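The values are calculated or read from the model by the stated rules, or taken from the named source; none is laboratory data. A quick note: this is a predicted structure, and the numbers were derived from the prediction, not measured. Here the Cβ is made from the backbone with ideal geometry for all residues, glycine too, and neighbour counts use every protein chain on show. What goes into the accessible areas is simple: the full protein's heavy atoms, side chains included, and nothing from ligands, DNA or RNA. Shrake-Rupley method; radii C 1.70, N 1.55, O 1.52, S 1.80 Å.
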Amino acid sequence: MSNLITRALSGSVYVALVISTIFFLEDGAWYLALVLGIPALLEWQNFRPEAHTQRQAVFSILLLLLALACFHPQVSVNWEARFAFLALSVALFLFLDSMFNDDEQELNLDSLFRNSFGIVYILGPLLCLIGLSFIDPWILGGVFVMIWSFDSFAYLVGKYLGSHKMMPRISPKKTWEGFIGGTVFTAGAAGLIWKYSGSETLSLEQWLVLSV
């Protein structure tokens with residue numbers, strides 16, 4: 001099976017799951033954030049596994065779950081406060097464990113940075129994801145569609161028409177043709193979403209700006 005067919009099949013399954021979660025599952029954006037958040041945090045920790053002990057990895061995931069729980073649409077104010085208190089307690093434990101886990105101060109600082117920055121780096125976009133769904137599910141769905149459009153058409157245009165390398169030392173296969181093709185098709189996707197979605201939250205100009 002060719003790489004293109006494999007990408008298309010796996011991508012179709014992923015697209016169907018994401019779109020159905022956003023539009024057809026109650027509070028779907030929150031569950032989507034949950035499903036995306038844990039693998040993202042594990043992947044972050046795998047970038048530098050020596051900076052995370054197994055205990056820190058587990059408590060980082062727990063902190064992510066507690067922080068997301070605070071923003072579940074169905075959680076009462078009292079439970080929000082409880083989840084927030086538990087999240088702060090876990091964050092304090094992570095701070096102390098990172099700072100005093102090793103005799104080498106430099107290793108402790110590296111561990112602290114990677115544990116704390118990883119949570120903020122991943123949690124921030126997840127909360128934005130949930131927030132966008134509150135404004136209009138079509139904005140969240142549209143962001144995903146535009147990302148997929150750019151990814152897919154930048155790959156296709158670059159593969160078949162690309163000849164001018166964009167940043168060969170960083171990503172040897174990226175081309176300016178692919179970048180331009182991806183941008184044009186993403187703008188087209190934004191226009192189609194504006195025209196056929198029925199959403200009136202954003203104007204055509206705002207959709208085009210968002211596509212950029």
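Residues of region 59-96 that are farther than 18 Å from Leu107 by Cβ and open to solvent by 90 Å² or more (accessible area, probe 1.4 Å): Phe71, Gln74, Val77, Asn78, Trp79, Arg82, Phe85, Leu88, Leu92. The selection criterion, being more than 23 Å from the chain's Cα centre (by Cα), in a helix (DSSP H, G or I) and buried (at least 19 other Cβ atoms within 10 Å of the Cβ), does not hold for Val145. Scanning region 185-204 for residues that are open to solvent by 20 Å² or more (accessible area, probe 1.4 Å), of a type in the set (A, V, I, L, M) and closer than 19 Å to Phe153 by Cβ yields a total of 2.
So if I check each of Ala33, Ala29, Ala16, which one is open to solvent by less than 70 Å² (accessible area, probe 1.4 Å), free of Cβ contacts under 8 Å to residues at least 12 places away in the same chain and either of a type in the set (Gly, Ala, Ser) or within 17 Å of Pro125 (Cβ to Cβ) (or both)? Write out each step before concluding.
Numbers: Ala33 fails: free of Cβ contacts under 8 Å to residues at least 12 places away in the same chain; Ala29 fails: free of Cβ contacts under 8 Å to residues at least 12 places away in the same chain.
Residue meeting the stated conditions: Ala16.
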